Amino acid sequence: MSENRQNLKLKGLAASEGIVAGRAYVLSKVRLAVPQRKIPPEQTTREIERLKQALREAVSELEQVKRELEARAAREPFFIIDAHLLLMQDEALWREVELVIEDEAINAEWAIRKVINKWKKVFTSLTDPYLRERGQDVEIVGERILAKLIGHQERDFSQLQEPVIVIAADRRPDQTAQMLFSKVLGFATDIGSRTSHTAIVARSLEIPAVVGLERITEQVEDGDYIILDGIDGVVIINPDESFCAEYQAKKDRFDSLNKLLQEYASPPSLSLDGKRIKLSANLEIIDEISFLKKYGAEGVGLYRTEYLYLDRNALPTEDEHFENYKKLAEAVGEEEAVIRTFDLGGDKFASELKLAPEMNPALGLRAIRFGLHRPELFKSQLRGILKASAYGKIQVMFPMISSLEEVVEAKRILQRAMEELEREAVKFDRAIKVGVMIEVPSAVLIADRLAGEVDFFSIGTNDLIQYALAIDRINEYVSYLYQPLHPAVLWLLKRTVDAGHAAGIRVAMCGEMAGDPFFLPVLVGMGFDQLSMHGRMIPMMRKVLKGLKAADLAPMVDELLKFQTADEIKRFLEERVAKDWREAYHLELGKTRFQAESFICRKVDV
């Protein structure tokens, strides 16, 4: 081993938490080589049959994976595997490949690569980072079919004799799911992001993963000893004893603290003086509900329905909506689940609806605006939600509200859906609660009027801060301006809570602020009734809440609102954490104390 490959530290994106160490198992580093042949026109029929046979084999193979996972009670990856099956069975997509074979008289492999590249470009040109990642799913499905046509055999890690860390350019979601039942400790990839389907499956199955490392397949060789840090997104190749000791200590600390926090994984969520604040979970994939229950989530405060619209050319049917939301209703039991109607822009539906591209989709035809623009699509989703409400405590929420007229019109369409179901004698909750997302400054300014039309507010701080401060939070040049403690932001939050409570309705928060322990005293002091967050953060937030006295925090918020800058507010809170709330923010582990921060705690002086 050369010296320049010892202690080589690579930085990527933390896709799934955990720290593991072991030997590297490197999968194929190269993209499949696709033969490019012109064929006689009379052979196109045979070439199309080759394509269809490869599709049949790939579908059968993926369905077998799904059955194996079901037999082992691992349902979490089902949604994503189903999405890939839908792509494989998408008649429009594969008919386009057939037309390329016929029109250009080329072999099936070449035609697939052409069509897949075209659709990948469509997805990667979109502004939404999650939607951009769907281009990878299209490519993954295409590569699977190509492998069948070419006869490419993948390395089989199901028969491994010792635990390994898989190194690959990328991982398919089904391959990630199968790792659960083999000797795979974790995996690292060249490409990917936290929103890729592979990362989502890894998190749901709690397999440590780091993605987006760019060139790890070029820098790691089979048998290299590596440390994979899924907390900070780091991979260390051939670490020396010092690195090994450092990361062993970090792993022990992480594992012990997670175990300790399970003490706080059961409701209710009460402050030191008995004030209850509901701690709910944000949910994106229905099969992750069992994973969230592990952390004591008090229902689902935000169910994002965008996933139903992705990885497909056809829009979801009313029955698909209903079946998905019914699963949610039955899974949460006696708890409540808030379903947000689709928060997507017209760019997602451009291929089907032939909408013109927008220069600034974030401020364009998206969310409730798109729903009201295409009421038949909106009503189809609402009918599915209403039908599911007969099976549990389902609530509906409209995103990106900026005017009272939007709420009135959305409720009118909801009422029309109710009347239709009544005529059809379909059961549903006639008293279903209706809420709105507060994420546009204009909604805050008319919050008192909006409160008269709905049953609850839920503040989406990610967008509210972005729109209020006029910054793009993923733009590295201006991201420093993204300040949750900006005096204007705190004023917007307080005004919304006060308006909601004056009207007697619930006020919740479901943005990133909701799951950050540092902001909890401010949110409690403002009077939030519910906070919805990543499930893993719930025990930590419940622990901190237990050490805070709610009655003391309302006067503190009044004081904060008098400060001039975000830095002043931040320093004030840091001082209170260090002095007045020391016990709330610390965990005891033997003779060591740790301060609650994010997914892992920081050691502090006693």
Can you tell which of 525, 515, 511 is closer than 28 Å to residue 450 by Cα, touching a His at 6+ places or on another chain (Cβ under 8 Å) and crowded, with 19+ Cβ neighbours inside 10 Å?
515
Filtering segment 549-588 down to residues that are of a type outside the set (Gly, Ala, Ser) and more than 18 Å from residue 517 (Cβ to Cβ) yields 555, 558, 559, 561, 562, 563, 564, 565, 567, 568
If residue 374 satisfies every condition in (1) surrounded by 20 or more Cβ atoms within 10 Å (Cβ to Cβ); (2) modelled with pLDDT under 95; (3) among the charged types (D, E, K, R) but one, which is the exception?
(1)
Out of all the residues in segment 519-573, which are touching a strand residue (DSSP E or B) at 6+ places or on another chain (Cβ under 8 Å) and part of a loop (DSSP other than H, G, I, E, B)?
527, 528, 529, 534
Report yes if residue 408 is in the same structural domain as residue 452 (by TED's automatic domain parsing), over 20 Å from residue 344 (Cα atoms), of a type in the set (A, V, I, L, M, F, W, C) and modelled with pLDDT of 95 or more, otherwise no.
yes
Looking at segment 259-285, I want the residues that are among the charged types (D, E, K, R) and have a partner that is surrounded by fewer than 21 Cβ atoms within 10 Å (Cβ to Cβ) and in a loop (DSSP other than H, G, I, E, B) with Cβ atoms under 6 Å, at least 6 apart or on another chain. Which pairs are those?
273/549; 276/268
If you go through segment 461-482 one residue at a time, do you hit one that is outside any helix (DSSP H, G or I) and in contact with a Gly (Cβ under 9 Å, 6 or more places away or on another chain)?
no
Restricting to segment 528-570, what's the tally of residues that are crowded, with 19+ Cβ neighbours inside 10 Å and over 28 Å from residue 203 (Cβ atoms)?
6
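The values are calculated or read from the model by the stated rules, or taken from the named source; none is laboratory data. Because the structure is predicted, anything quoted here is derived from the model rather than measured. Neighbour counts are summed over all protein chains in view; Cβ atoms, including those assigned to glycine, are modelled from backbone coordinates with ideal geometry.
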